[in-house]
Amino acid sequence: DQIGVTALSLPPLPSAVAAVLTVAASAAVTGSVLDVAFGPSPVPTDTAFVIEATAQVSPGRNFLKNEFRVLTFEDAAGTTPSDIAAAYVARFGALVAGQKIGIRMQPINKLTGQKGQAISTTTIVAV
């Protein structure tokens with residue numbers, strides 16, 4: 001139920017999973033802004049893009065792979081950018097200027113549950 005669909009009762013046949021082609025993020029303390037731009041836009045039919053993020057870390061940290069936590073998802077027909085500020089603040093607390101945030105998006109075929117290749121990026125929180 002993570003992406004808004006019921007659990008599968010029969011194993012599906014493998015099928016294509018739409019790809020996330022680009023991901024870029026911007027964050028700012030002023031206005032509590034955290035936006036994720038992605039491509040393709042809109043999200044393809046029968047697909048959801050799961051959006052994960054890390055807690056804020058020192059800008060010098062580069063290994064974030066094990067820090068990602070699911071925040072929300074962008075459903076089929078969703079358009080870029082995705083405003084994830086409210087979900088982020090609810091999960092990790094207020095944005096702090098100068099800190100780094102990792103963002104990762106992963107496509108999921110809503111009919112089969114198959115996951116595609118995740119794409120990640122980082123952003124430094126501006127004032």
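The values are calculated or read from the model by the stated rules, or taken from the named source; none is laboratory data. Since the structure is predicted, the reported quantities are computational estimates derived from the model, not experimental observations. Every residue, glycine as well, gets a Cβ built from its backbone with ideal geometry; the counts of neighbours run over all protein chains shown.
Given the options Pro12, Pro59, Pro42, name the one that is within 15 Å of the chain's Cα centre (by Cα) and either charged (D, E, K, R) or surrounded by 11 or more Cβ atoms within 10 Å (Cβ to Cβ) (or both).
Pro42
Please go through region 20-38 and pick out each residue that is among the aliphatic types (A, V, I, L, M), surrounded by 14 or more Cβ atoms within 10 Å (Cβ to Cβ) and either part of a strand (DSSP E or B) or out of contact with any Phe, Trp or Tyr (no Cβ under 7 Å at 6 or more places or on another chain) (or both).
Result: Val23, Ala24, Ala25, Ala27, Ala28, Val29, Val33, Leu34, Val36, Ala37.
Could you look through region 45-91, keep only residues that are of a type in the set (Phe, Trp, Tyr) and in a loop (DSSP other than H, G, I, E, B), and pick out the one that is nearest to Leu21 (Cα to Cα)?
Within region 45-91, the match that is nearest to Leu21 (Cα to Cα) is Phe68.
Which of (1) in contact with a Pro (Cβ under 7 Å, 6 or more places away or on another chain); (2) at pLDDT 95 or above; (3) assigned to a loop (DSSP other than H, G, I, E, B); (4) not charged (D, E, K, R) does Val96 not meet, given it meets every other one?
For Val96, the failing item is (1).
Of all residues being farther than 17 Å from Arg69 by Cα and of a type in the set (A, V, I, L, M, F, W, C) in region 87-127, which is surrounded by the most Cβ atoms within 10 Å (Cβ to Cβ)? Just the residue, please.
Filtering region 87-127 for residues that are farther than 17 Å from Arg69 by Cα and of a type in the set (A, V, I, L, M, F, W, C), the one surrounded by the most Cβ atoms within 10 Å (Cβ to Cβ) comes out as Val125.
Say we look at region 45-56 and pick out the residues that are touching a Lys or Arg at 6+ places or on another chain (Cβ under 9 Å) and hydrophobic (A, V, I, L, M, F, W, C); which of these is surrounded by the most Cβ atoms within 10 Å (Cβ to Cβ)?
By that ranking, first place goes to Ala53.
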